[in-house]
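Here the structure comes first, spelled out in structure tokens, and everything after it is commentary.
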């Protein structure tokens with residue numbers, strides 16, 4: 001069945017970014033998360049079978065985990081698998097210093113979403129900016145925060161479409177809002193297999209032999225997908241550009257220049273490739289360099 005036609009309403013254009021399903025990228029996920037995502041996709045396409053046993057497909061998912069671990073990529077991929085555009089809304093942009101304005105803007109957004117719930121996937125990023133726990137103390141700030149949470153609860157209850165929210169701080173989410181989500185997925189830093197696949201993807205078309213990729217996997221433990229992508233793309237960029245500046249494109253020089261320009265966030269784990277750069281690069285000294293390019297004779 002063809003997806004309903006999507007109309008990019010004023011509220012979507014004002015508060016969000018409309019992401020085309022053709023631009024989505026497949027996420028690289030751990031086994032348990034990948035299995036849960038595949039089951040959810042099947043569930044969303046199995047309405048009649050579920051109805052026979054008194055169930056309806058879950059339409060909401062909350063993604064939590066450190067920044068840079070692929071929550072937005074996963075949401076966009078899910079929307080694309082459903083054949084729908086994704087409306088990406090950074091909820092922190094809806095927060096206003098004026099009393100009542102945040103709730104009004106949120107209602108404006110959800111009114112637009114409720115008018116065409118099956119024509120897109122609504123993705124709410126920085127969800128903790130308005131979905132955080134209610135405050136018991138009596139103050140204007142506490143009252144405003146609590147009223148926003150109540151308005152959000154009402155908005156979630158009336159939206160019948162597919163909604164995905166993302167937060168870096170799942171523990172900050174109000175318990176009643178947490179219960180509104182049918183799925184809760186933790187998108188954490190990638191394991192060894194995922195780091196291998198991520199680095200292989202973003203280093204392409206250059207190829208490093210598997211035994212040295214395994215070394216890089218060990219040296220990048222704790223790195224986020226975003227950090228790994230930056231490093232691999234930085235290496236490719238340096239390999240192409242360094243000859244133009246008459247700079248050495250030796251392995252140590254390329255890695256050191258790349259690592260110097262890309263740093264893990266201070267709140268996250270610092271992988272050994274950053275904390276012990278020279279020692280790690282010494283362990284890669286036997287790696288063939290420059291790396292071969294797929295389809296090109298050396």
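Bear in mind that the values in this text are calculations on the coordinates, not laboratory data. From a predicted model like this one, the values you see are computed outputs, not experimental measurements. When we count neighbours, we look across all protein chains shown, and the Cβ atoms used for this are built from the backbone with ideal geometry, even at glycine.
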Roughly how many whole Å is it from the C-alpha centroid of segment 93-153 to that of segment 168-185?
14
Between helix 140-158 and the chain, what is the angle of the helix's C-alpha long axis to the longest principal axis, kept within 0 to 90° and rounded to the nearest 10?
90
Segment 213-249 and segment 1-75 have their Cα centres apart by a whole-number Å value of 31
Tell me the label-point distance for the pair residue 58, residue 107, using the 7 Å Cα-to-Cβ offset, in nm and rounded to one decimal.
3.1
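Sum -39500 (n - 2.57) across every DSSP H segment of at least 4 residues in the chain, then divide by the residue count to get the 222 nm mean residue ellipticity, nearest 500. Please list the in-between numbers first.
Values: 14 runs with 140 residues, N = 298.
Helix-only estimate at 222 nm: -14000 deg cm²/dmol.
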Mean-square fluctuation check for the chain, GNM, Cα pairs under 10 Å: which of 26, 140, 92 is largest?
140
Hey, could you get me the Stokes-Einstein D for segment 151-200, Kirkwood radius over alpha-carbon pairs, 10 °C and 1.306 mPa s, rounded to whole µm² s⁻¹?
119
Selected from 250, 234, 222 as most flexible by GNM, with the chain as the system and alpha-carbon contacts under 10 Å:
250
Value of relative contact order over segment 10-186, rounded to a whole percent, pairs C-alpha under 8 Å and six or more apart
31
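Taking the number of other C-beta atoms within 10 Å as the exposure measure, put 121, 217 in order starting with the fewest. Provide the component values of the computation, followed by the final result.
Working: 121 25, 217 22.
Ascending number of Cβ neighbours within 10 Å: 217, 121.
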Quick check: pseudo-label points 7 Å beyond the Cα along Cα→Cβ at residue 241 and residue 279, how many nm apart are they?
3.1
Given springs between every Cα pair under 10 Å in a Gaussian network model of the chain, which of 13, 116, 137 has the largest fluctuation?
137
Ignoring solvent entirely, what values of log10 I(q)/I(0) come out of the Debye formula for segment 72-132 at 0.15, 0.25, 0.27 Å⁻¹ when each Cα is a single scatterer?
-0.49, -1.06, -1.14
With label points built 7 Å along Cα→Cβ from the Cα atoms of residue 293 and residue 171, find their separation and express it in nm.
4.8
From zero up to wherever the largest Cα-Cα distance of segment 192-293 sits, split into 10 Å bins and tell me the percent of pairs in each.
15, 54, 28, 3
Just rank 77, 265, fewest to most, by other beta-carbon atoms within 10 angstrom.
265, 77
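Got the relative contact order for segment 192-293 handy, in percent, Cα pairs under 8 Å and 6 or more residues apart?
That works out to 38 percent.
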Put in order of increasing Cβ neighbours within 10 Å, starting from the fewest, 71, 279 give 279, 71
